[in-house]
Every structure is written in structure tokens, then in C-alpha cells.
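Asker: The structure's right below; bear with me while I get my questions together.
Here, each number is a calculation from the coordinates, and none is a lab measurement. If you're wondering where the values come from, they're calculated on a predicted model, not measured in any experiment. Here the Cβ is made from the backbone with ideal geometry for all residues, glycine too, and neighbour counts use every protein chain on show.
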Amino acid sequence: MPTIETIISPALFHLYEGGLEHKNVVVIDILRATTTICVAFANGAKEILPVAKPEDAAAMQQMGWVAAAERHGETVEGFDLGNSPQDYTQERVSGQKIALTTTNGTRALQMSGAAKNIFVGSFLNLKTLTEYLRNDNSDILLFCAGWKDKFNLEDTVFAGAVANRLAESFTISDDATLAAIDLYQKAETDLTEYLQKASHVNRFKSLHIETDLEACLKTNTLNVLPVFRNGSIQNQNHV
């Protein structure tokens, strides 16, 4: 059977680079980049370009793209959008191309470039994502974006949700994935309550953006499958 492995921090990515071209990578940044990307496509975004720096997004803005930039949890001054899924409404993003830079998630996407496929995972598209991965039947690498290279609870819980749904069809033997499944099984009955202790949630509270938490923890509400290919993200369901 194919395997599932989990990277709990980008700082460990170098340990998993071998054979990446045969694997499906799922990039996970639950709070908030990968959730926001899923919402953007659900609301009609045409394409999302992950870029490294706010300056890169600003350059695309001059070419007619919507520019979105977040650093340290806050929208960078002067940009159209930040990283809140609640801001990516149909009115603002339908038919638009978006250049996006975030603290953690867009970096993880760019690091994964050698993979067979690179998917964007969130609780919102969990069912759509796992159905594709099961049918594709390739090795899977669950890549948690974390927070500035540090372990992050919500991303690992989501990795556990993916692995838990696929456990009967894949071999799971690495401790990171086993731990992620244990965390998810503790959290699944009330994700919001379980994650109240997470450092990122406390960061949200300090920034007064707590309502984003509820938006990011809805489960199986979107039938989108964003894939990062040839330098940009598109919704595979529409490709």
C-alpha cells in the first residue's frame, strides 16, 4: 500500500525531499493561508500566485492582479487583502487573479515544487481532498506550514484528520503521523474548543480576529481542490 508521512515543521523538510516527484504533497496552513485559498476559489477566484515578499505582490498589482499580503497575522499596509478567509468574498475575488504572500503557507507551497502534485488542504475541503488522494493511490506527504518553523497544533491536527480518513487504504508507520491522528481523535468532537489552547488562537485573540477561527474550522463545506502547478494555484475541479 502507499504511505502517508507528516512533516510537522518546514525546518524538517530536508529530511523528506527524496522521491518527492512520486508523492502527493498536501500543504497545510489552517490558520489561515490554505483555508483562505480554498475560500477564494469557492468564491470564483481564477488563479492565485504565491509569492515570497510583499514587494512581489505589489509588482503584480501593477499588472492588474489583486495583491494580498500578510505578515505576523496582520494585513500589510497598502494591500487589497490580507489573509482572512472572511475577506475573500465573491464580490472581491470572483474572476480575479490574486498574488498572495503570507508568513508561513506560501513558503511551504514554494518549498514543495518538486512533488508529483501539490494540494492545498483545509478543513473546508477535507472530504474532496481525501477522496482524490484515496483514488490517486500515491504516497502522501502532509506538510504542516507551522509558525516560523515551529510546531503548530492546528496544522498537525488537520494532518491527523487526513490520515485518519485514509488509514485503511495507506500504510502509516511514522511517529509524526501517528501522533497527528491521536491529536485529531482528541479534537474531532469539538475542534474549536480543543484549539482554544493553541498559540495561534491566542495570537488571534491579541489581534482581535477571533472570528476567523470559526471560519477556518468548518468541515466539508467546500468542493474545491486547489493545486499548485507551474508556479501558480488553480482549482483542479475546474481544470
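Asker: Over all distinct Cα pairs, what is the inverse of the mean 1/r for the chain, reported as the Kirkwood hydrodynamic radius in Å? Mind dumping the intermediate values first?
Answerer: Details: mean 1/r = 0.0573 Å⁻¹.
Taking every pair of different Cα atoms in the chain, averaging 1/r and inverting gives 17.5 Å.
Asker: Classify segment 167-239 as rounded, prolate or oblate from the Cα gyration tensor: take a ≥ b ≥ c as the square roots of its eigenvalues, call it rounded if a/c is under 1.5, otherwise prolate when a/b beats b/c and oblate if not.
Answerer: Numbers: a/c = 1.97, a/b = 1.13, b/c = 1.74.
Because a/c hits 1.5 or more and a/b fails to exceed b/c, segment 167-239 counts as oblate.
Asker: What does DSSP give for segment 4-228 in terms of the percent of beta bridges that are antiparallel, rounded to the nearest 5?
Answerer: So the antiparallel bridges in segment 4-228 amount to around 15 percent.
Asker: Name the residue, out of I209, I181, I30, whose mean-square fluctuation peaks in a Gaussian network model built on the chain with Cα pairs under 10 Å.
Answerer: I209
Asker: With +1 on each Lys and Arg Cβ and -1 on each Asp and Glu Cβ, how big is the dipole of the chain about its Cα centre, in debye rounded to the nearest 20?
Answerer: Result for the chain is approximately 280 debye, rounded to the nearest 20.
Asker: All other residues with a Cβ under 15 Å from the Cβ of I172 taken together, and with Lys, Arg as +1 and Asp, Glu as -1, what is their net charge? Before the final figure, lay out each step's value.
Answerer: Values: positive: K23, R134, R165; negative: E5, D139, E168, D174, D175, D182.
Combined, the nearby Lys, Arg, Asp and Glu give -3.
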